[in-house]
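A.B. asks: Here you go, one structure.
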Amino acid sequence: METHYDNPELKSGIVDSSGLTLWYTPELRRHDAAVIMAGDDGSAELAVPPGLSEYSINSMCHPSCTAQVFPPEGITVFANVLHTHLVGRKVQVRQFRDGKEIGDIGQDNQYDFNYQQIRSFNPPKIVKPGDSIVVHCSYETRSRNEMTFGGLETKDEMCLGWMLYYPKVEMDLCASYVSAYDQLKALNHPDPDRLLQNGFVPGRAFKSAVRNVTWTPSLVASLQKAQTESKVQYSCYSIRNASAVEGPPMAPYPFSLKFAADPQPDCFPVLSSAIVPFSRPALFWMTALLSMAALIAGRRV
């Protein structure tokens, strides 16, 4: 379990009573359940311009990743958790097979950071080896005057869908990250190579350059196109066994990200009260799902 504390108004006297009740038995069930984190876990390359009513980010779990570790019958996804931070407005986890969208694995078209839940599926979803999972997030930044980047802080952003499933396989993260170089080229930076190789941490150099952009509608459109059509870094990873699964080389998405109409309904039954609604300033806790996010994000710039 990982506990997150958010107290932006610096109120005193708040008491935390979070905790867990653990049950154990010698009679094991047929399958072990586990969690796969799909999407962008807060990379430096996640960049959302300010002053926009809507801006989208995608992150793909590549078909070669699921093909390596999923059993022939696939995995059974019985619940999910969708996650962005404060400017996220929509989160959709879309399932593709042979380059065609076949359904969703959870979506919230009225996403609110203050109301995050574990949501169950009845019937559950089946994801087969070779399927792709695309996490699609929409953001609204009209209240912001500066860029929003990926990161662990609440003011930063993520684009995630955790899939709760069985049987357990050797993969904990499956994602893609847009090339900083291609995004800088889209913004007409004079020398992206020099910027990213000048001794600075690449993520910091990228943020520094993008913060200085004077945004116009054409530059916003150019960046959005780069984040959809340029090369991306694929990552599929197992915490327990780093050699169990490996992402493909950097390349554009293997097919066009053309989504079907927004799936319905917008509401799902709640699986558990483990994640409850909270308000700002808030004192809340989440399950080990978020500790996985922090652990994996910690190895990135």
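A.B. asks: What Kirkwood radius, in Å to one decimal, follows from the Cα pairs of region 200-242? Please list the in-between numbers first.
C.D. replies: Values: mean 1/r = 0.0761 Å⁻¹.
About 13.1 Å, per the Kirkwood formula over Cα pairs.
A.B. asks: Which entries of LYS100/LYS207; LYS11/LYS225; LYS128/LYS231; LYS90/LYS231; LYS125/LYS185 show an alpha-carbon separation above 31 angstrom in the structure shown? Write down the numbers at each step before the final one.
C.D. replies: Details: LYS100/LYS207 34 Å; LYS11/LYS225 43 Å; LYS128/LYS231 25 Å; LYS90/LYS231 24 Å; LYS125/LYS185 39 Å.
With Cα atoms farther than 31 Å apart: LYS100/LYS207; LYS11/LYS225; LYS125/LYS185.
A.B. asks: Could you tell me, in Å, what Rg and Dmax come out for the Cα atoms of region 144-201?
C.D. replies: 16.6, 49
A.B. asks: Also: Find how much the distance from ARG194 to ASN212 grows on full extension, using 0.36 nm per residue of separation minus their present alpha carbon separation; answer in nm with one decimal. Before the final figure, lay out the partial values.
C.D. replies: On the way: separation 18, 0.36 × 18 = 6.48 nm, distance 1.69 nm.
Gain on stretching ARG194 to ASN212: 4.8 nm.
A.B. asks: Next question, about the same structure. Which peptide among 56-64, 248-256 comes first, and what is the full order, when sorted by highest mean count of other Cβ atoms within 10 Å? Kindly include the intermediate steps, with their values, before the conclusion.
C.D. replies: Working: 56-64: 23.1, 248-256: 13.4.
Packing order, densest peptide first, comes out as 56-64, 248-256.
A.B. asks: Among ASP156, ASP112, what's the order by accessible area (1.4 angstrom probe), most exposed first? Provide the component values of the computation, followed by the final result.
C.D. replies: Working: ASP156 25, ASP112 60 Å².
Output order, biggest surface exposure first: ASP112, ASP156.
A.B. asks: With θ set to phi - 60° and the Karplus curve 6.51 cos²θ - 1.76 cosθ + 1.60, what are the ³J(HN,Hα) couplings of region 125-137 in order, to the nearest whole Hz, using x for Gly and Pro?
C.D. replies: Values, residue by residue: 9, 10, 10, 9, x, x, 6, 10, 10, 10, 9, 10, 10 Hz.
A.B. asks: Now, a different point. Could you list which residues have their amide H under 5 Å from that of VAL213, counting only those 5 or more apart in sequence or on another chain, with H placed in the peptide plane?
C.D. replies: Amide H neighbours of VAL213: none.
A.B. asks: Just how far, in whole angstrom, is region 107-163 from region 32-52 if you go by their alpha carbon centroids?
C.D. replies: 7 Å
A.B. asks: With a cap of 13 neighbouring Cβ atoms within 10 Å, and only residues DSSP puts in a loop, list the chymotrypsin sites (Phe, Trp or Tyr not before Pro) found in region 1-58. Mind dumping the intermediate values first?
C.D. replies: On the way: sites: TYR5, TRP23, TYR24, TYR55; in loops: TRP23, TYR24.
In loop regions of region 1-58 (DSSP not H, G, I, E or B), the sparsely surrounded chymotrypsin sites (Phe, Trp or Tyr not before Pro) are TRP23, TYR24.
A.B. asks: Follow-up question, since we're still on this one. From the phi of every residue in region 17-23, what ³J(HN,Hα) in whole Hz does the Karplus formula 6.51 cos²θ - 1.76 cosθ + 1.60 yield, where θ is phi - 60° and glycine or proline is x?
C.D. replies: Karplus values, whole Hz, x for Gly and Pro: 10, 5, x, 10, 10, 9, 10.
The values are calculated or read from the model by the stated rules, or taken from the named source; none is laboratory data. Computed from a predicted model, the values in this text were never measured in an experiment. Note: ideal-geometry Cβ built from the backbone for every residue, glycine included; neighbour counts use all protein chains shown. Only protein heavy atoms, including side chains, enter the accessible area calculation; ligands, DNA and RNA are left aside. Shrake-Rupley method; radii C 1.70, N 1.55, O 1.52, S 1.80 Å.
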